[in-house]
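First up is the structure itself, then whatever we jot down about it.
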Amino acid sequence: MSVRLSVLAACALFSIGPAHALDVFEDAKVMAGEMLYKQECRRCHAPDTDHASYGPPLENIIGRGAGTYPDYDYSVALAASGIVWTPAALRAWMEDNTGFLPGTKMRHVGIQDRTVQDFILSYLGSITTRDAKKISE
């Protein structure tokens with residue numbers, strides 16, 4: 001699936017020229033990330049507070065302290081972790097959350113593919129109002 005999206009993005013880049021190529025590529029990454037988010041994350045996490053979810057919503061996740069979303073019953077391990085959700089921390093969480101933070105109550109199968117992680121991170125960045133470039137990796 002990621003190869004197909006890369007080919008489509010490359011075709012789009014050639015058709016519009018270099019001035020807008022990066023914007024188109026970023027938009028394609030966000031769209032792919034949204035699709036993958038819906039497949040991998042949405043069953044438990046809504047993108048925002050307007051939609052119901054089992055887990056906390058992920059709007060504004062980048063730069064937020066782990067276990068700090070109001071009125072959600074986090075595990076003691078997560079609430080006391082002191083983790084800030086940087087892109088690097090989110091990548092490690094997506095790959096193996098129980099290895100990254102033993103004692104978490106979130107069930108997770110793991111997203112091993114770094115391209116899928118990249119796309120989901122692009123989507124999460126698009127629903128975060130903080131400037132992700134100012135948040136350290």
Self-check item: Spin-label model distance (nm) - Asn60 vs Val84, 7 Å beyond Cα toward Cβ
Solution: 1.6
Self-check item: Segment Lys105-Thr68, length gained on full extension (0.36 nm per residue, minus Cα span)
Solution: 11.8 nm
Self-check item: Label-point separation in nm, Ala77 to Ala92, each point 7 Å along Cα→Cβ
Solution: 1.4
Quiz item: Counting other C-beta atoms within 10 Å, which of Ser75, Ser53 has the fewest, and how do the rest follow?
Solution: Ser75, Ser53
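Values quoted throughout were computed directly from the atomic coordinates according to the rules given, and no laboratory measurement underlies them. Here the structure is a predicted model, which means the values were calculated and not measured. For neighbour counting, all protein chains shown are included, and Cβ atoms are generated from backbone atoms with ideal geometry for every residue, glycine included.
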